[in-house]
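Data block below; observations after.
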Amino acid sequence: MSAGREALHLARQSGSGYVARRLQTLRDDLRSYGHDRRAAELAADIGSLHAT
């Protein structure tokens, strides 16, 4: 999860569309973690990246 957080931070700072697209793929993969709170929070944060 920490690598995902680092990538999210990088995407926010750089505005990189490539990193944002890769994070979207990660967000889709996070669904396999079910009700894990950390996975859900990271997925929500990735989702908000695309809303800005």
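The values are calculated or read from the model by the stated rules, or taken from the named source; none is laboratory data. All values derive from a computational prediction rather than experimental measurement. Backbone-built Cβ (ideal geometry, glycine too); neighbour counts: all protein chains shown. Side chains included, ligands, DNA and RNA excluded: accessible areas come from the protein's heavy atoms. Shrake-Rupley method; radii C 1.70, N 1.55, O 1.52, S 1.80 Å.
Scan segment 14-36 for residues that are open to solvent by 70 Å² or more (accessible area, probe 1.4 Å) and within 15 Å of Ser2 (Cβ to Cβ) and jot them down.
Of everything in segment 14-36, just one residue is open to solvent by 70 Å² or more (accessible area, probe 1.4 Å) and within 15 Å of Ser2 (Cβ to Cβ), namely Tyr33.
State the number of residues belonging to segment 1-13 that are free of Cβ contacts under 8 Å to residues at least 12 places away in the same chain and either outside any helix (DSSP H, G or I) or surrounded by fewer than 11 Cβ atoms within 10 Å (Cβ to Cβ) (or both). Working first, answer last.
Here is the first cut: in segment 1-13, the residues free of Cβ contacts under 8 Å to residues at least 12 places away in the same chain are 2-3, 6, 9-10, 13.
If we keep only those that are either outside any helix (DSSP H, G or I) or surrounded by fewer than 11 Cβ atoms within 10 Å (Cβ to Cβ) (or both) too, we end up with 2-3, 6, 13.
Matching residues across segment 1-13 total 4.
In this structure, does Arg38 turn out to be part of a helix (DSSP H, G or I), within 8 Å of the chain's Cα centre (by Cα) and among the basic types (Lys, Arg)?
Working: part of a helix (DSSP H, G or I): yes; within 8 Å of the chain's Cα centre (by Cα): no; among the basic types (Lys, Arg): yes.
When the stated conditions are applied, Arg38 does not pass them.
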